[in-house]
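Q: Provided herewith is a single structure, encoded as structure tokens, for subsequent inquiry.
The values are calculated or read from the model by the stated rules, or taken from the named source; none is laboratory data. Computed from a predicted model, the values in this text were never measured in an experiment. In this analysis, Cβ positions are derived from the backbone assuming ideal geometry, glycine residues included, and neighbour counts consider all displayed protein chains.
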Amino acid sequence: MADSPLLLVFIPALAPLLVRAEDLKGLPLNEAEVMSIRDNAVCVALPPDAASAVEAKRGYRDINPDDCWAKWTKLRIELGRGEPTVQDDRQVHAP
């Protein structure tokens, strides 16, 4: 059996963590806040088949943590939240 690379799976998913943090802040998250939430979120390393099973159970693909800011910006637009134009120095922590 070949060794497969492990994949990081955020628990809870990163996308709803960012949505909740933004809702609590009441303003769009800035890039530093998004990265801080990502860096402090709980995740597990799973083999690809287990990571796929988690994704299937959730019913959606989480945003890619390696391209977190760009993926979050795209998701905000898809959710009808608009583009994150407000750059605010206040930090928010994931709930």
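Q: Keeping to segment 31-54, report how many residues are surrounded by 15 or more Cβ atoms within 10 Å (Cβ to Cβ) and within 16 Å of Pro16 (Cα to Cα).
A: Residues flagged as surrounded by 15 or more Cβ atoms within 10 Å (Cβ to Cβ) and within 16 Å of Pro16 (Cα to Cα) within segment 31-54 amount to 9.
Q: Tell me which residues, restricted to segment 1-24, are modelled with pLDDT of 95 or more, more than 16 Å from Ile63 (Cα to Cα) and charged (D, E, K, R).
A: Result: Asp23, single match.
Q: If you don't mind, another one. List pairs: first in segment 1-27 and closer than 28 Å to Pro47 by Cβ, second assigned to a loop (DSSP other than H, G, I, E, B) and of a type in the set (Ser, Thr, Tyr), Cβ under 6 Å, 6+ apart or cross-chain?
A: none
Q: Kindly establish whether Ile77 is on the phi < 0 side of the Ramachandran plot and modelled with pLDDT of 95 or more. Before the answer, list the steps.
A: Numbers: on the phi < 0 side of the Ramachandran plot: yes; modelled with pLDDT of 95 or more: no.
So Ile77 fails the test.
Q: For Pro84, only one of the following conditions fails: (1) at pLDDT 95 or above; (2) surrounded by 14 or more Cβ atoms within 10 Å (Cβ to Cβ); (3) not aliphatic (A, V, I, L, M). What is its number?
A: For Pro84, the exception is condition (1).
Q: What number of residues within segment 34-59 are at positive phi and assigned to a helix (DSSP H, G or I)? Let's see the steps before the verdict.
A: Of all residues in segment 34-59, those at positive phi come to 59.
Filter again for assigned to a helix (DSSP H, G or I), leaving none.
Qualifying residue count for the region: 0.
Q: On to the next question. What residue, among those in segment 63-82 that are without any contact (Cβ under 8 Å) to a residue 12 or more places away in the chain and not in a helix (DSSP H, G or I), is farthest from the chain's Cα centre (by Cα)?
A: So the first thing to find is which residues in segment 63-82 are without any contact (Cβ under 8 Å) to a residue 12 or more places away in the chain, and the list is 64, 66-67, 70-71, 73-74, 77-78, 80.
Add one more test, that the residue is not in a helix (DSSP H, G or I), and what stays is 64, 80.
On the way: Asn64: 7, Gly80: 17 Å.
The residue in question is Gly80.
Q: Of all residues in segment 1-28, count the ones that are over 12 Å from the mean Cα position of the chain (by Cα), in a loop (DSSP other than H, G, I, E, B) and of a type in the set (A, V, I, L, M, F, W, C).
A: Of the residues in segment 1-28, 4 are over 12 Å from the mean Cα position of the chain (by Cα), in a loop (DSSP other than H, G, I, E, B) and of a type in the set (A, V, I, L, M, F, W, C).
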